[in-house]
1. If you check Met327 against the conditions, is it in contact with a Lys or Arg (Cβ under 9 Å, 6 or more places away or on another chain), crowded, with 18+ Cβ neighbours inside 10 Å and more than 22 Å from Glu90 (Cβ to Cβ)?
2. Please work out if Arg152 is without any contact (Cβ under 8 Å) to a residue 12 or more places away in the chain, over 18 Å from Ala240 (Cα atoms), of a type in the set (Lys, Arg) and outside any strand (DSSP E or B).
3. Can you say whether Glu391 is surrounded by 19 or more Cβ atoms within 10 Å (Cβ to Cβ) and of a type outside the set (Gly, Ala, Ser), as far as the supplied structure shows?
4. Going by the conditions given, is Ala383 under 15 Å from the mean Cα position of the chain (by Cα) and surrounded by fewer than 23 Cβ atoms within 10 Å (Cβ to Cβ)?
5. Could you list, in sequence order, the residues of segment 261-287 that are surrounded by 14 or more Cβ atoms within 10 Å (Cβ to Cβ) and over 25 Å from Tyr86 (Cβ atoms)?
6. Please state which one of Gln337, Gln345 is among the polar types (S, T, N, Q), in contact with a Lys or Arg (Cβ under 8 Å, 6 or more places away or on another chain) and within 25 Å of Leu267 (Cα to Cα).
7. Say we look at segment 7-35 and pick out the residues that are in contact (Cβ under 8 Å) with a residue 12 or more places away in the chain and part of a loop (DSSP other than H, G, I, E, B); which of these is nearest to the chain's Cα centre (by Cα)?
Amino acid sequence: MTAFSLNPEQTARCAELRTLAAERLRPLAEKGEPGHVNRPLVAALGELGLLGRLFEERGAVGEGGAARAQGAGAIDLCLTRESLAYACTEAETAFALQGLGAHPVHTHGSPAQREQWLPPVRRGHAVAAFALSEPGAGSDAAALNLAATPDRSDGWRLTGEKCWISNAPEADFYTVFARTTPGAGSRGVTAFLVPADRAGLTGTSLDMLSPHPIGALAFDGVRVTAADVLGEVDRGFRVAMTTLNRFRPSVGAFAVGMAQAALDATLAHTAERTAFGGPLKDLQSVAHQVAEMATRTEAARLMVYAAAAAYDREGPQGPGIARRAAMAKLIATETAQYVVDAAVQLHGARALRRGHLLEHLYREVRAPRIYEGASEVQRTIIAKELYAHPEEPTA
């Protein structure tokens, strides 16, 4: 287990989650259709109480000293995502997407919004989605073009497109980011809660390399009102960034879970597979490769949990949180790509066969280097934060 200071309860929980994922969730995942929301799997996550942990009250203090709900701790979120990813990546993804789509409602929603949507999300009966990216605004999230034009005195009409949206077009509601003030960059974006049955909202599925449900949305004058706003008008970019800062370290945990699964499969394979007169593990080139895989995986894990611990200690607006989150996601997702690729190489052709664990991980591992901010975006965030706040500690 990791050298990070997990207590016995956390270690036991990780083992329990791996078992649950393997025995209860993986069979449901195998029955699902790739590229589509697996509602029985989401419902099982709710029945097992996993989704409820996303929204547990922690009594965090927000702006002005007001208590704000923050949900389960970032370390708990990372432990859950890493453990699920190790045994069932589909369950991990379904869990994470519920959190990403509903977290803005939990932290910035009105009492009415929270009362209507969070209970069914907790139970796994409502599917949430986070709709930020657009055809021309993926990595550059401040360049959003989905227009929110005033409509009478109490609302707007949403016109435009969203693309690369997880759980679209099958979600029950979307956290949608639209431009309410043209030409204002990140300062003119508002977050809205948009139910999927709202008139004028349509969508299509996208056939992707990874088996995740991903689609595009079209908004043809979709009406929203002040009751649909999450947070404040023209301050939606803050809603988006605080959500991403919370989930970026846990994207790293997802990646670490996949890397660990690939590493463990490689240890077993190289100990059993014979070549050139002995087991593969006795070849120095193989042993050194495995040692490198293990070292990088552990380093990534430590950075992920350091970022999560900082988030739990300092809160979403704490010093260095954005930088730590970016570093954790960057190193973990790049490491997982390396480890899974090396594992495929050491397994040989068998790992390329459809249905093999590593064939599955190879398709899964590529996407996290892009979504929730590509690796290049993470490097930009890190550099910007370093130059803006050079006095902040790095340890």
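1. Here the answer is no, as Met327 does not meet what is asked.
2. yes
3. Here the answer is no, as Glu391 does not meet what is asked.
4. Against the criterion (under 15 Å from the mean Cα position of the chain (by Cα) and surrounded by fewer than 23 Cβ atoms within 10 Å (Cβ to Cβ)), Ala383 does not qualify.
5. Residues satisfying the conditions are Asp282, Leu283.
6. Going through Gln337, Gln345 in turn, the sole match is Gln337.
7. That would be Gly35.
Per-residue answers, yes or no, for (1) part of a loop (DSSP other than H, G, I, E, B); (2) more than 13 Å from Met293 (Cα to Cα); (3) at pLDDT below 95:
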position: Ala309; (1), (2), (3): no, yes, yes
position: Asp312; (1), (2), (3): no, yes, yes
position: Gly318; (1), (2), (3): yes, yes, yes
position: Arg323; (1), (2), (3): no, yes, yes
position: Met327; (1), (2), (3): no, yes, no
position: Thr335; (1), (2), (3): no, no, no
position: Gln345; (1), (2), (3): no, no, no
position: Arg350; (1), (2), (3): no, yes, no
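The values are calculated or read from the model by the stated rules, or taken from the named source; none is laboratory data. What you see is a predicted model; the values in this text were computed from it and never measured. Methodologically, a virtual Cβ is constructed for each residue, glycine included, from the backbone with ideal geometry; neighbour enumeration extends over all protein chains shown.
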